[in-house]
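A short worksheet on the structure shown next.
The values are calculated or read from the model by the stated rules, or taken from the named source; none is laboratory data. Model, not experiment: these values are computed from the prediction. Cβ sites come from the backbone with ideal geometry, for glycine too, and all protein chains shown count toward neighbours.
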Amino acid sequence: MVSKRSPEFLWIGLALFLIISLNNEPVRALQEPIDEPVATANYQVPETDDPGTLERFMDALLRIRPRNGEEYLQHIRQMPPALDSAARKIMELSPDPESLSYRKAAYMTLVAQIFALEQLQDDEVRRLLDEIDDRLKTELGKTEAAGLATQIAERLEDAERFSLAAEAYSKFGPELSENSLPEIASHGKRMLGAARRLGIMGQNLSLSGTLSDGNPLDWSSYEGKVVYVDYWASWSGPSLANLPKLVQLREQYGAQGFEIVGICLDKNLDRVRDTMAENGVNWPCLCEPEAGWNHPMALEYGISKVPSSFLINPQGKVIAVNLRNDALRKRLAEIFKNPPEGPSPRNN
């Protein structure tokens, strides 16, 4: 699975997101310490009244790169309380809410809670969501909080806390999608789509756009079919490994009404066509050159990893999400052992 957010490296992504989300010159000083990882992990908060020393300690915490699963678990246990403790001490020493030191420290208290998300109860998560939402609504903090909003929503989904993830996507998506920075606005649109995706089981799914051959997709032509919607990319190893399996399934069940529609997140149309030809892909594939992850149908359903998929019944309702390999084969065998009912009009 290739993702815009790799769960095993979420601590790296969160640290780097500080650079993206704190989009003003003073706070860009945060970028400097992220360049090189620290060699030795130190979680002992310095006994000092110097905010600068405590800030350097926090920066060092964010540069720790665990080398294996055991070190990662230790890091997740020890880093959040150390980061929170150092940040709160800075806030006591530099109590001006508009100062750079205070703002960075207040931000880090939220970062610490996100790192410790697995340990938070649902009510504690909701309080954290509200706190981030409050920052999004202030002129000073709305850009800074964008990275936090994105990370907490995605981490909740990765942890399969789907109800809370949907709440987070729905809470933050509208605000972020209106941000003046295109990168943040794109994340907001994807969050709105992710909220839509998490509630899509049993609902109609509609696709539109331009195919790799330049023609528009006629979604209405799939009425009465079982359709597998496959989000993929030529640069994704798991996506490429999945294509021959899909070719086989379409050959096996195509005569019984099984169809596939691809949505490729490549930016290079020639590469898409070449990959389809090399892998025997003869089903329609939506592709928007230069769009990449921002393909309209990826934003519409909040897609942030490939391969991703939807399985749709003849009535146009989503009956499964992200089925692959044996799970997909088993589901199709069940469907076509007892052929689905005839078509009914889809809601386009």
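Return yes when residue 184 is in a helix (DSSP H, G or I) and of a type outside the set (Phe, Trp, Tyr) and no when it is not. Full working, then the answer.
Details: in a helix (DSSP H, G or I): yes; of a type outside the set (Phe, Trp, Tyr): yes.
When the stated conditions are applied, residue 184 passes them.
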(request) From (1) free of Cβ contacts under 8 Å to residues at least 40 places away in the same chain; (2) among the β-branched types (Val, Ile, Thr); (3) under 30 Å from residue 183 (Cβ atoms), pick out the condition that doesn't hold for residue 260. (result) (3)
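Check whether at least one residue in segment 272-283 is among the hydroxyl-bearing types (Ser, Thr, Tyr), touching a strand residue (DSSP E or B) at 6+ places or on another chain (Cβ under 6 Å) and surrounded by 18 or more Cβ atoms within 10 Å (Cβ to Cβ), and report yes or no.
Just the residues of segment 272-283 that are among the hydroxyl-bearing types (Ser, Thr, Tyr), to begin with: 275.
Keeping just the survivors that are touching a strand residue (DSSP E or B) at 6+ places or on another chain (Cβ under 6 Å) gives none.
No, because not a single residue in segment 272-283 is among the hydroxyl-bearing types (Ser, Thr, Tyr), touching a strand residue (DSSP E or B) at 6+ places or on another chain (Cβ under 6 Å) and surrounded by 18 or more Cβ atoms within 10 Å (Cβ to Cβ).
Looking only at residues that are small (Gly, Ala, Ser) and on the phi < 0 side of the Ramachandran plot in segment 255-271, which one is surrounded by the most Cβ atoms within 10 Å (Cβ to Cβ)?
The first filter runs over segment 255-271 and keeps only residues small (Gly, Ala, Ser), leaving 255, 257, 262.
Next cut, on the phi < 0 side of the Ramachandran plot only: 255, 262.
On the way: 255: 9, 262: 24.
Only one residue fits best here, namely 262.
Identify all residues within segment 222-237 that are outside any loop (DSSP other than H, G, I, E, B) and more than 11 Å from residue 264 (Cα to Cα); write none if there are none.
Initial filter on segment 222-237 (outside any loop (DSSP other than H, G, I, E, B)): 222, 226-232, 237.
If the condition is that a residue be outside any loop (DSSP other than H, G, I, E, B) and more than 11 Å from residue 264 (Cα to Cα), then 222, 226, 227, 228, 237 are the ones that fit.
Output the residues belonging to segment 51-65 that are under 19 Å from residue 113 (Cα atoms) and either out of contact with any strand residue (DSSP E or B) (no Cβ under 7 Å at 6 or more places or on another chain) or outside the structural domain of residue 101 (by TED's automatic domain parsing) (or both).
Start the filter on segment 51-65 by keeping residues that are under 19 Å from residue 113 (Cα atoms), which leaves 54-55, 57-65.
Correct list: 54, 55, 57, 58, 59, 61, 62, 65.
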(request) Name, by its number, the condition in (1) touching a helix residue (DSSP H, G or I) at 6+ places or on another chain (Cβ under 7 Å); (2) in a helix (DSSP H, G or I); (3) at pLDDT below 90 that does not hold for residue 134. (result) (1)
(request) Pull up segment 66-97, narrow it to residues that are buried (at least 17 other Cβ atoms within 10 Å of the Cβ) and not in a helix (DSSP H, G or I), then point me to the one that is nearest to the chain's Cα centre (by Cα). (result) 66
(request) Collect the residues in segment 170-187 that are within 14 Å of residue 137 (Cα to Cα) and not hydroxyl-bearing (Ser, Thr, Tyr), keeping them in residue-number order. (result) 171, 172, 173, 174, 175, 176, 178, 179
(request) Quick one: in segment 101-124, of everything that is crowded, with 19+ Cβ neighbours inside 10 Å and under 23 Å from residue 173 (Cβ atoms), which residue is farthest from the chain's Cα centre (by Cα)? (result) 107
